[in-house]
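Here's the structure, in structure tokens; my notes come after.
The values are calculated or read from the model by the stated rules, or taken from the named source; none is laboratory data. Just so we're clear, the structure is a prediction, and the values are computed from it rather than from any experiment. Every residue, glycine among them, receives a Cβ derived from its backbone with ideal geometry; neighbour counts consider all protein chains shown.
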């Protein structure tokens, strides 16, 4: 999903200096403390941070940097400010050093160094992180963005359409364009600048997911560096393990492979590459864009009618259709009609030739949408995907749920209208929602929440926080209310797009899979060396 749509139109500060960011973060220290809770406080006593006697000197870090082929960045370096920014700017923090590996051996060297010095390791691939999992003040950040090689094998014996091995830093826009040259399609995200790591390990929904499945359903092999420096290539039949002394062994252990396909990033090890199954290009795709309003001059009749049509459309959506429903409480005026509040935009695609029945289902929206429709046939997935642009990053309080079939009812309609037809004000910030159409593919061999499989919409919403920390409290209050409201219609929460305030995060992210995930975490990281907010094992003592 192009989750940047959630923060579209928000105020942001891409040119702010590192000092400005630090001042902002100091002002919201109380907020961050509430979000991090006692877990962070406990962790700080267990790791070495700048200012602690145990923390390595800069000379020691520079000496380490000379031992591998990657690059190190320190806070005083010119590019540092840019590299620490997260997509949700609210959670931008300053690590002590950023390590940019270029190979799996570089990742191994970085992990062994950090382990030997008892440093707090954070792992980042593209920074599309909404609650601060991939960063931490004073951490040793392993940034995989320079590892972006892609290799394609069209002669694979495991998959008729072939396979592609993609390093963690490769961004989806580049991957799609490359694979288009092979006349192949891969299940990935909509936003071009999202990379593999967190996207895949959180499950990964897609504009073609209703036809082809989640990203975790596509995986054939994973290459992982463990906390003790082992390099593991794992798949559905077992694992090949390279020890730090160079010896290699093969076993039938598949638990790490299972855990990484939806168990969340940054906690079991550093995944450096993914081997995906590819799909043949369809002979044709149909793309549809159209918009409608929800309220006119205070009358919600058009919004009521919209949700009547939309709810039935989603429940009976032909399988080939996929894509997004984007909604906001935008206020606008159109002469001679008057004041509108609430705008809905559809960005849909049909994977494969569209039937008349599929078009008839879509055409039911035409009576609601006075705006021009854009429906066009394209000859490749890239021809569709290349027109998708990432919106600006910003400050937003997120909420998500997997909306279930039985909850697409009048209560859902009335709640969404109450949120999206209330015009923005000082006490009611701008609200944005993106509904990713999911479901229809029932493969339950991965640890993603069961609601991810049974749900029809992954509904992610954001309350704009603006840039004035003095006003954050209003947005946080509204964001909490929004999450509480959305939960009534769903079952489970998408790991990659959560609220920062979730006391029941284990159940909401993984349901009954959490116990097994924690067992695997204890096996591969018994000291709980890798830690991130609301990740498997973050509740361990």
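Name the residue that is farthest from residue 457 (Cα to Cα), counting only residues in region 385-412 that are more than 21 Å from the chain's Cα centre (by Cα) and surrounded by 14 or more Cβ atoms within 10 Å (Cβ to Cβ).
Among them, the one singled out is 412.
Name the residues in region 351-364 that are under 18 Å from residue 212 (Cβ atoms) and in contact with a helix residue (DSSP H, G or I) (Cβ under 6 Å, 6 or more places away or on another chain), would you?
Listed by number, the list holds a single entry, 351.
Given the criteria closer than 13 Å to residue 273 by Cα and modelled with pLDDT of 95 or more, does residue 170 qualify?
So residue 170 fits the description; yes.
If residue 142 satisfies all but one of (1) surrounded by fewer than 24 Cβ atoms within 10 Å (Cβ to Cβ); (2) part of a strand (DSSP E or B), what's the number of the condition it fails?
(1)
Check whether at least one residue in region 126-134 is within 29 Å of residue 181 (Cβ to Cβ) and out of contact with any strand residue (DSSP E or B) (no Cβ under 7 Å at 6 or more places or on another chain), and report yes or no.
yes
Looking at residue 289, is it part of a strand (DSSP E or B), on the phi < 0 side of the Ramachandran plot, surrounded by fewer than 20 Cβ atoms within 10 Å (Cβ to Cβ) and not assigned by TED's automatic domain parsing to the domain that holds residue 202?
Criteria met by residue 289.
Would you mind finding the one in 430, 460 that is within 30 Å of residue 375 (Cβ to Cβ), touching a residue at least 60 places away in the same chain (Cβ under 8 Å), touching a helix residue (DSSP H, G or I) at 6+ places or on another chain (Cβ under 7 Å) and crowded, with 16+ Cβ neighbours inside 10 Å?
Answer to the check: 460.
Please verify whether residue 157 is over 21 Å from residue 57 (Cα atoms) and either at pLDDT below 95 or out of contact with any helix residue (DSSP H, G or I) (no Cβ under 8 Å at 6 or more places or on another chain) (or both), treating the condition exactly as stated.
yes
Per-residue answers, yes or no, for (1) crowded, with 23+ Cβ neighbours inside 10 Å; (2) without any contact (Cβ under 8 Å) to a residue 40 or more places away in the chain; (3) in contact with a strand residue (DSSP E or B) (Cβ under 6 Å, 6 or more places away or on another chain):
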site: 179; (1), (2), (3): yes, no, no
site: 225; (1), (2), (3): yes, no, yes
site: 239; (1), (2), (3): no, yes, yes
site: 243; (1), (2), (3): no, yes, no
site: 253; (1), (2), (3): no, yes, yes
